[in-house]
1. Select from region 201-222 the residues that are open to solvent by 60 Å² or more (accessible area, probe 1.4 Å) and under 30 Å from residue 146 (Cα atoms) and list them in ascending order.
2. Just need a number here: residues in region 57-80 that are open to solvent by less than 20 Å² (accessible area, probe 1.4 Å) and either of a type in the set (S, T, N, Q) or within 14 Å of ligand 1 (Cβ to nearest atom) (or both).
3. With part of a loop (DSSP other than H, G, I, E, B) and under 19 Å from residue 207 (Cβ atoms) as the only criterion, which of 13, 1, 48 stands out?
4. Which is at pLDDT 95 or above, more than 16 Å from ligand 2 (Cβ to nearest atom) and in a strand (DSSP E or B), of 99, 104, 123?
5. Would you confirm, using the coordinates I've provided, whether residue 33 is touching a residue at least 12 places away in the same chain (Cβ under 8 Å) and open to solvent by 50 Å² or more (accessible area, probe 1.4 Å)?
6. Keeping to region 107-120, report how many residues are farther than 19 Å from residue 134 by Cα, of a type outside the set (S, T, N, Q) and within 16 Å of ligand 2 (Cβ to nearest atom).
7. Which one of these is more than 26 Å from residue 97 (Cα to Cα) and either aromatic (Phe, Trp, Tyr) or part of a strand (DSSP E or B) (or both): 161, 144?
8. State all residues of region 188-222 that are in contact (Cβ under 8 Å) with a residue 24 or more places away in the chain, part of a strand (DSSP E or B) and within 16 Å of ligand 1 (Cβ to nearest atom); if no residue qualifies, say none.
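The values are calculated or read from the model by the stated rules, or taken from the named source; none is laboratory data. Since this is a predicted model, take the numbers as computed values, not measurements. For neighbour counting, all protein chains shown are included, and Cβ atoms are generated from backbone atoms with ideal geometry for every residue, glycine included. All accessible areas refer to the heavy atoms of the entire protein, side chains included, with ligands and DNA or RNA removed. Shrake-Rupley method; radii C 1.70, N 1.55, O 1.52, S 1.80 Å.
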Amino acid sequence: MVTIKSKREIELMKEAGRVTALTHKAIEEAIKPGMTTADLDRIAEETMKKYGAISAEKGYNPGIKGVPPYPAATCISINDEVIHGIPSKKRIIKDGDIVSVDLVALKDGYNGDAARTLMVGNVSKEAKRLVEVTKQAFFEGIKYSKKGNRIGDISHAIGEYVKSQGYSVVREFEGHGIGKDMHEEPEIPNYGKAGRGIRLEPGMTLAIEPMVIAGNPNILELDDGWTIITEDGSLSAHYENTILITENEPEILTII
Ligand code: MF3
Ligand code: CO
């Protein structure tokens, strides 16, 4: 079921989104070569706590046989890691890395979900272009995130833009509705046909999240049951915000 949020629920979604944005800000300000991904995870957890939230990712159980509950507060995926990288004290961030941080703050029963790919120090020109295209793909999608349009219009805009830039979208993972649950209906693929899927209505809250690969679209899963990497070893980037559909232009809840 696709939930339409009441006025009060929208206020709570805005607050969860604000904490999500503040947590990203704390990580962006702290990240530097030599830190570990566990260091960033701790900063995220402390920031959420400071603002009265907890991580919805920690302990998250997707209910898939053989997949353990997610063990950390954030997902941090470096270079050829696409999504769901598990923070570790052994994983040291280096100059030139692109670091995708995906986090979900849960406050007063509502979730804010956002991802950023951070460029550490001197990154290659190609890595920079990938990060910028991934961010722009989100903004191409949000152009269609309006009352009366359909989910497929968003998917199509994202997929065509990424293709036009010579990159691939990940097909196995997608954006989603969000609210009391981190993942609600509808699913929002990053490719597809315009004019398909449900119509957008004011009060819907959606997480739109292009995951883009510089090379071929195939992915692999590591033995930890979570980390997704590119099959060809090429770089990957992720950009996500939680948005609100309104009577007019959409509102981005996870940018402050
Ligand atoms: N935040 C992710 C998303 O964008 C989900 C992470 S899976 C988890 O949908 F296990 F880490 F929670
Ligand atoms: Co998401």
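1. Answer for region 201-222, where residues must be open to solvent by 60 Å² or more (accessible area, probe 1.4 Å) and under 30 Å from residue 146 (Cα atoms): just 201.
2. Residues meeting the conditions: 8.
3. Matching residue, one of 13, 1, 48: 1.
4. 99
5. For residue 33, the condition - touching a residue at least 12 places away in the same chain (Cβ under 8 Å) and open to solvent by 50 Å² or more (accessible area, probe 1.4 Å) - is met.
6. 2
7. When all the criteria are applied, what remains is 144.
8. 188, 205, 206, 207, 208, 211, 212, 219
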